[in-house]
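Asks: Here you go, one structure.
The values are calculated or read from the model by the stated rules, or taken from the named source; none is laboratory data. Treat the numbers as computed from the prediction; the structure is a model and nothing was measured. Here the Cβ positions follow ideal geometry from the backbone for every residue, glycine too, while neighbour counts run over all protein chains shown. Protein only, heavy atoms only, side chains kept; ligands, DNA and RNA dropped before computing areas. Shrake-Rupley method; radii C 1.70, N 1.55, O 1.52, S 1.80 Å.
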Amino acid sequence: MSLAANEARICTDPSPVSAARELLGDAYDTDAECFRRGADVRTLVRSRADTVDKVLRLIWSRYPFADSPDIALVAVGGYGRGELHPHSDIDLLILTRQGVESEWQDNLGAFVTLLWDLRLDIGHSVRSIAESKQAARDDVTILTNLLETRTIAGPDELRAELSREVYADDVSSDRDYFIAKREEQKRRHRKYGDTEYNLEPNVKGSPGALRDIQTIGWITKRHFGLETTADLTRFSILTEEEYQILLTGETFLWQLRYGLQLIADRNENRLLFDHQRALAQMLGYHDEGKRLGVELMMQAYYRTVLALAELTDVILQYYDEAILDAGEKEEIQPLNKRFQTRNHYIEAINNQVFAYAPYAIMEIFVLMAQHPEIKGIRATTIRSLRAHRHLIDDAFRSDLAVTSLFMELLKTPHELDQTLSHMKKYNVLGRYLPEFGQIIGQMQHDLFHIYTVDAHTLRVIRNMVHLKKPEASHDYALASRLIHRLPKLEILYIAGLFHDVAKGRGGDHSELGAIDAEAFCKSHHLSERDTQLVSWLVENHLLMSMTAQRKDISDPDIIHGFARSVPSQVHLDYLYVMTVCDISATNPKLWNTWRSSLLRQLYIEAKRALRRGTEKPVNRLEWVRATQSEAREILHAQTMTDARIDKVWDTLDEDYFLQDSTVDIAWQTAAIIRHGDNPDPLVLIRDTRSGPTDGYSQIIIYMKDRVALFAATTAVLEQLNLNIVDARISSSESPYSISSYVVLDERGQPLGVDPPRKDRVRQRLIEELDDPDDYPDIIHRRTPRQLKHFAFPTEVTLSNDTINQRTVLEVITPDRPGLLARVGQVLLEHRVRLTNAKIATLGERVEDVFFVTDEHGEPISDPQVCQALQDDLCQMLDDTQ
């Protein structure tokens, strides 16, 4: 049906709902198709508002009150600005001169009911001018809505009178309104972690996003009494360049929001993983080399909101001075010939400082580092800085004055991460270090790296700075001690800055980053020794974490091999501190007490190896004998005889004595001796004591060996919602086996924080494992929403460890409930024995390593058996994604 026909039906039909829906639906479909073809989003946003205006105006005209001079239909908020995205809220005010006339009551109810029947997201209120003024006085949100109004139907004089009233100081003074909106923005930013770099940002509410632009407009309107945001250009608040940044940024965010709502088919402002790929495709972002189109789109988003955040700083500081500091005495403190502070904000003496002394671009940040009382940079100086950033070129980077200032910045004791963040925000750091500039806003589309590369890098620096504070000793006991022994902290900071700088280029980012770091060190005149140390740290920054999390660090040969890769104790100290800071800055959920214990154990064992020298390989038999001797002494002190000890130890292979501390071996042996011939499984649960392996629960199970034991045990533990981070199975030719599982609860804590739960776990394991015919089913829990969007084919690789006579089975697959139990089921079906397992969950990605043998205790050497095991694991795990 034609547009004119639908408009006529809305006016005349007894029920205009179907005609109104058809008109709105046709316009929606037309605008959506135009958007997909690349039409100007600003035109479409206005078009949507115009269409809704037309429908509301026609419906309003059906009622008797439409001709009254005392009532009007007014658009407020975003709709009042004439901006509507496909599923935006439509905020309406039914405004009366002095109140609702009695004869309007029924008709107004019918009007509102009809609007709801249109299935629009309508928000409405019915108020007189006086009531609206009082509501605005009581609630700053209502006041803000009433700053942006348009008359849809009825006399415009009512809206004009309301505007005059709400702009009056007796509703809210300029000062009070500014303070309220500034505090509101701070609260909103805190809600999103005070960062522009969220994995699933909100294009409306996140820092630097649309709400920040709107906040600038609201404050400006209240301050100047403006009618439209476009009028900002009339005033000296914004330069033309700044206004273009604002306009371009808003247009880009509108494109994201418009497309997002089309895809979600609802009023959705969150860039959820569910929609990111589809949105990137809709907006024309395609994969480029190893960079996904969705990653390119998100990088554009992050860079846009970063630029808007810089602009917000300038404008809010302007208002801070114009509104809050108006009439107050200024406190000016000279710093040197080029800079001074004004009310604790640093400023250039004049706007030509950067022109005649370009090195001052670096100097201003060094002064901020040396004077922690400085709150920030004044708006005028930020603008001057922006105007002279083009001076940061190769000549600037090679200027001895500049390189010396940057090294001074790194050496100055202060919150270095904050200074570097300021340099990044004002686009100085990315220009000075072009390698860093390339990674600004660069994300990896997964759940493991929850920050962009640049944000992660600055969090690494933040962690390094934090380690020097006394409170760091609680969570990072060893690292907080070691950092005070490092000869030069600037070496650590440089390695932190460059460790991921080559991500996204293709090739090994560690090797490429080491080349960049070496070039930086040479251009900044570091000694050859320091340059080699920085380059080594960058190239090997993953060595310690990969060894601790993917290899059996109870194996003396693994420790020996790792120690041979570390040139000196100084290298080991730097590497440990850097690894701790890197892991804990990657993902807050990644750093837990178990990973802490692994790294600490590796550090201590490597330190011992370096002391005794790495030229001589470890003698495994001597290691076993020394371990048994120490454990035997502990057991003798508990009145255990050699005969009883040997009766237990003779049933275990030598690998058992390579795995645990002598204290743990003695504890487990004594418990087995006391258990005697009891046919029930022996289940021991102990939280670790303070020391090298602190902060997790260890579950020991001693019972008759059964082929399905691993699958059954992991099924029980997963049903109990426990996170398995390590597993070891020690069995021999005897009928008994001893299994060890390291677990954490869902909060990453040991079970000792909940003693009743520990008892329930022990009892459940005994009940489930005592009967091999009654082993539990694999857990079936719903896969979390975010994990569903990162499905990828399972990768399985097998290799033989000839030294330890076992096969190394590596499984890389998406995480999901019941994973370990399924792996155990496949191993069972192939008669494969598990001796050890290293469990690592990295966001949505699981990278587990299983050490296995055939049923005779030998490495799996038959290629056909290996292929069948590989195929069945892939099929089992891929079918359950």
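Asks: Rg and Dmax of the range 45-145, Cα atoms, in Å?
Replies: Rg then Dmax for the range 45-145, in Å: 13.6, 37.
Asks: Ignoring ligands, DNA and RNA, what accessible area per residue does the range 252-309 give at 1.4 Å, in Å²?
Replies: Details: 2210 Å² over 58 residues.
Here the per-residue accessible area is 38 Å².
Asks: If the cut-off is 19 Å between C-alpha atoms, which lysines fall inside it for K221, apart from same-chain ones fewer than 8 positions away?
Replies: Once the sequence-local lysines are set aside, what remains near K221 is K133, K181.
Asks: Further, regarding this structure: Could you tell me which of G78, I59, P14 has its Cα farthest along the dipole of the range 1-111 towards the positive end, charges placed at Cβ (Lys, Arg +1; Asp, Glu -1), taken about the Cα centre?
Replies: Of the candidates, G78 comes out farthest on the positive side.
Asks: Compute the Rg to Rh ratio over the range 505-657 from the alpha carbon atoms, using the Kirkwood formula for Rh, and round to two decimal places. Could the numbers behind the result be given before it?
Replies: Values: Rg = 20.1 Å, Rh = 18.2 Å.
On the Cα set of the range 505-657, Rg over Rh gives 1.11.
Asks: How high is the relative contact order of the chain, in percent, counting Cα pairs under 8 Å that sit 6 or more residues apart? Walk me through the intermediate numbers first.
Replies: Details: 1310 pairs, mean separation 56.4, N = 881.
Computed value for the chain: 6 percent relative contact order.
Asks: I'm checking a number: the convex hull volume of the Cα atoms of the range 488-581, normalised per residue, in Å³. What is it?
Replies: Values: hull volume 9.4 nm³, N = 94.
Each residue corresponds to 100 Å³ of Cα convex hull volume.
Asks: In the range 568-664, which GluC sites (Glu not before Pro) are in a loop and have at most 11 other Cβ atoms within 10 Å, using DSSP for the loop call? The partial results should precede the final answer.
Replies: Numbers: sites: E605, E615, E622, E630, E633, E654; in loops: E615, E654.
Here the sparse-neighbourhood loop sites are E615.
Asks: I need the Kirkwood Rh of the range 248-292: take the reciprocal of the average 1/r across all distinct C-alpha pairs and report it in angstrom. Could the numbers behind the result be given before it?
Replies: Details: mean 1/r = 0.0902 Å⁻¹.
Taking the inverse mean of 1/r over all distinct Cα pairs, the range 248-292 comes out at 11.1 Å.
Asks: Next question. Which of the aspartates and glutamates could be linked to K704 by a straight reach, that is with a Cα gap under 13 Å, when you skip same-chain ones fewer than 8 residues away?
Replies: D677, D680, E733, D770, D771
Asks: Determine which residues of the range 368-390 fall in the zone a paramagnetic label at Q333 would reach in this model, i.e. backbone nitrogen under 11 Å from the point 7 Å along Cα→Cβ.
Replies: Under cut-off, by backbone N: 371-375.
Asks: Please compute, for the alpha-carbon atoms of the range 327-435, the extent along each of the three principal axes and give them in descending order in Å.
Replies: The Cα atoms of the range 327-435 stretch 45, 30, 23 Å along the principal axes, largest first.
Asks: Given R₀ = 35 Å, FRET efficiency for A519-R187 by Cβ-Cβ distance, to 0.05? Don't jump to the answer; show the numbers that get you there.
Replies: Working: r = 44 Å, r/R0 = 1.26.
Here the calculated transfer efficiency is 0.20.
Asks: Moving on to the next point. List, largest first, the extents of the alpha carbons of the range 59-100 along their principal axes, each in whole Å.
Replies: Principal extents (Cα only, largest first): 31, 22, 13 Å.
Asks: Right, here's the next one. Amide H to amide H, which residues 5 or more places from H124 or on other chains are under 5 Å from it, using H placed in the peptide plane?
Replies: Answer set, sorted by chain and number: L92.
Asks: On average, how much accessible surface per residue is there in the range 357-482, in Å², for a 1.4 Å probe, leaving out ligands, DNA and RNA?
Replies: Values: 4550 Å² over 126 residues.
In whole numbers, the range 357-482 has 36 Å² accessible per residue.
Asks: Would you mind calculating the gained length between D265 and D29 on full extension (0.36 nm times residue separation, minus the Cα-Cα distance), in nm to one decimal?
Replies: Working: separation 236, 0.36 × 236 = 84.96 nm, distance 1.20 nm.
Stretched fully, the D265-D29 segment lengthens by 83.8 nm.
Asks: If you don't mind, another one. Rounded to the nearest 500, what is the 222 nm mean residue ellipticity of the chain from helices alone, with -39500 (n - 2.57) per DSSP H run of 4+ residues and division by all residues?
Replies: Values: 39 runs with 463 residues, N = 881.
Theoretical 222 nm ellipticity from helices: -16500 deg cm²/dmol.
Asks: In debye, nearest 20, what is the charge dipole magnitude of the chain about its Cα centre with +1 on Lys and Arg Cβ and -1 on Asp and Glu Cβ, if you could check?
Replies: Values: 103 positive and 134 negative charges, 403 e Å.
With Lys and Arg at +1 and Asp and Glu at -1, about 1940 debye.
Asks: Which order do the peptides 310-316, 295-301 take when ranked by the mean count of other beta-carbon atoms within 10 Å per residue, highest first?
Replies: In descending order of packing, they fall as 295-301, 310-316.
Asks: With +1 on each Lys and Arg Cβ and -1 on each Asp and Glu Cβ, how big is the dipole of the range 82-169 about its Cα centre, in debye rounded to the nearest 20?
Replies: On the way: 8 positive and 17 negative charges, 16 e Å.
Result for the range 82-169 is approximately 80 debye, rounded to the nearest 20.
Asks: If you don't mind, there's one more thing I want to ask. Go from 0 up to the bin containing the longest alpha carbon distance in the range 173-212, width 5 Å each, and give me the % of pairs per bin.
Replies: 6, 26, 29, 17, 12, 6, 3, 1
Asks: With unit charges on the beta carbons (Lys and Arg positive, Asp and Glu negative) and the dipole taken about the Cα centre of the chain, which residue among F224, S384, V761 sits farthest to the positive side?
Replies: S384
Asks: Please report, to one decimal in angstroms, the Kirkwood hydrodynamic radius of the chain built from all distinct Cα-Cα pairs.
Replies: Details: mean 1/r = 0.0313 Å⁻¹.
Kirkwood hydrodynamic radius for the chain: 32.0 Å.
Asks: Now a separate question. Taking a virtual spin label 7 Å from the Cα of I766 along the C-beta vector, which residues in the range 632-671 bring their backbone nitrogen under 16 Å of it?
Replies: 671
Asks: Going down the list K329/K424; K54/K186; K191/K469, which pairs span over 28 Å between their C-alpha atoms? Show your work: numbers first, answer last.
Replies: Details: K329/K424 32 Å; K54/K186 38 Å; K191/K469 26 Å.
Over 28 Å Cα-Cα: K329/K424; K54/K186.
Asks: Over the range 445-558, what is the relative contact order in percent, taking alpha-carbon pairs closer than 8 angstrom and at least six residues apart?
Replies: Working: 89 pairs, mean separation 23.1, N = 114.
For the range 445-558, the relative contact order is 20 percent.
Asks: At a 10 angstrom cut-off on C-beta neighbours, averaged per residue, how do the peptides 574-585, 672-683, 52-63 rank from highest to lowest? Display every interim value, and only then the final one.
Replies: Details: 574-585: 24.5, 672-683: 13.5, 52-63: 18.9.
Ranking, from highest mean packing down: 574-585, 52-63, 672-683.
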